[in-house]
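Below: one structure, written as structure tokens.
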Amino acid sequence: MSIRPIVFMILFVTFAAASARAESVFGLSYFGGDIRFADARAEGRGGVGLAYLDSLNAGVKSPTQLPDIRRLTVTITSTLDTRDATDAIGSLSRTNLIIPTAKVALPLTRRLGLGFGFEAARNTQWSVVRPFADDDTVEESIVREGTAFVVPFELGLRLHPKFSVGGGLLVERGTVRDRYDLRLGGGLIDPEEVREETHRGEAWRIAGAVHDLGPVSATAFFVPEHDADVDVKVRGRALSNREDISRTDTRPARWAVGGKLDLPGRWSVGVDVEREMWSEYKGRRFFDQAGDEVTLQDEETLRLGVERSAVPVLGSDWTTPWRAGFYMRKWNYQLNGNDVNEWGATLGTGIPFRGGRARADLAVTYGRIGSLSDNGVEEDVFRIVVSVSAGEKWY
């Protein structure tokens with residue numbers, strides 16, 4: 001396979017990602033909900049993947065997995081989901097988007113690997129129309145859209161056959177745009193204000209892993225609290241309502257720990273625990289559709305997964321892998337005074353081809369976000385995640 005088509009595919013998917021949206025009715029705060037998907041193999045296990053090693057997967061969840069890459073490898077992951085939200089008034093159904101993630105990994109030496117790419121991190125898109133407080137014949141409309149993404153540049157080094165370390169730079173970028181209009185009736189709209197915030201920040205990630213201590217492997221990483229520069233552009237109808245200002249936000253620290261236990265018959269079970277300390281965020285204040293301030297809290301995720309791995313058989317054939325998993329997440333804010341909780345169940349499989357130098361993986365998820373009784377709204381999610389990985393010698 002020529003490198004040129006791979007590079008073109010990465011650029012196409014990366015630019016296409018700029019217009020991608022993951023619309024959840026719960027994506028109210030900051031950049032909204034977490035939309036990081038490592039690859040379909042991990043998603044088939046409920047998102048478990050920190051302690052799993054894979055020589056044909058650039059979509060790593062930790063830089064400690066990079067030393068196992070043996071070829072120049074490209075992994076592209078796309079996500080398609082259908083959401084059905086229900087509240088006391090009625091229901092809303094949407095078949096959303098595709099969010100591409102493109103990752104590249106390559107071996108620099110037999111013990112040192114390099115990884116880089118693009119991944120969407122968080123997304124919000126919601127709108128509300130409500131009566132204007134000063135005139136009941138007028139409605140006010142508020143629309144928020146925002147996307148945050150990460151470009152990682154990381155290295156992984158195997159210090160010992162059973163011990164690896166890794167780390168690198170995470171370049172964070174994002175934009176949040178709020179539009180405020182007055183609807184005067186008869187289809188007339190009086191634009192009042194547009195506020196756009198552009199975020200630029202960098203963070204460092206460090207990681208360590210132990211492999212194959214008997215049947216056990218474990219991995220952990222940590223991203224410390226860090227600053228992000230924010231440029232704010234406000235454009236109101238009157239010249240006096242136009243301004244350009246800047247501020248510095250404090251972005252939250254994040255850590256994750258994962259483990260894997262190998263079982264007989266090519267089976268394995270794994271667990272990942274993730275936490276992002278949004279309670280320590282300092283910056284802009286946020287409000288929900290009712291106008292109440294959204295107080296951020298730590299976001300916590302627990303993932304459990306099982307896999308029966310594929311192995312080569314006669315000729316170029318491989319057995320079929322099977323995966324299943326379950327995850328639970330507490331979102332980073334409360335709604336109606338109660339936590340917003342999410343859960344999901346997953347199934348996955350894959351097809352190796354080109355003699356094991358390429359693979360296509362598929363994962364399907366059914367999940368639910370929120371509770372009608374606790375939060376006043378709940379959302380059912382059906383998601384399909386597809387990944388394609390291919391590797392070639394590069395030197």
| query | When the stretch 358-395 is examined, which residues are found to be hydroxyl-bearing (S, T, Y) and either touching an Asp or Glu at 6+ places or on another chain (Cβ under 6 Å) or outside any loop (DSSP other than H, G, I, E, B) (or both)? | reply | T365, Y366, S371, S373, S387, S389
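Yes or no, residue by residue, for (1) in contact with a Gly (Cβ under 9 Å, 6 or more places away or on another chain); (2) at positive phi; (3) surrounded by fewer than 18 Cβ atoms within 10 Å (Cβ to Cβ):
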| residue | (1), (2), (3) |
| --- | --- |
| T295 | no, no, yes |
| V306 | yes, no, no |
| W331 | yes, no, no |
| L335 | yes, no, no |
| V340 | yes, no, no |
| L347 | yes, no, yes |
| Candidate set: the stretch 107-142, residues that are closer than 21 Å to D292 by Cβ and touching a Leu at 6+ places or on another chain (Cβ under 8 Å); chosen: the one surrounded by the fewest Cβ atoms within 10 Å (Cβ to Cβ) | F132
| request: Quick one: in the stretch 10-46, of everything that is modelled with pLDDT of 95 or more and part of a loop (DSSP other than H, G, I, E, B), which residue is nearest to the chain's Cα centre (by Cα)? | output: G46
| Of the residues E202, E225, which single one is surrounded by 13 or more Cβ atoms within 10 Å (Cβ to Cβ) and in contact with a helix residue (DSSP H, G or I) (Cβ under 8 Å, 6 or more places away or on another chain)? | E225
| Can you name the residue in the stretch 30-68 that is aliphatic (A, V, I, L, M) and more than 22 Å from W267 (Cα to Cα) and is also surrounded by the most Cβ atoms within 10 Å (Cβ to Cβ) among such residues? | A58
| said: I'd like the full set of residues that are in contact with a Leu (Cβ under 6 Å, 6 or more places away or on another chain) and under 30 Å from R195 (Cβ atoms), limited to the stretch 143-162. | reply: V150, P152
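The values are calculated or read from the model by the stated rules, or taken from the named source; none is laboratory data. This one's a predicted model, so the numbers in the text were calculated from it and none came from an experiment. Positions of Cβ are generated from backbone atoms using ideal geometry, with glycine treated the same way; all protein chains shown enter the neighbour counts.
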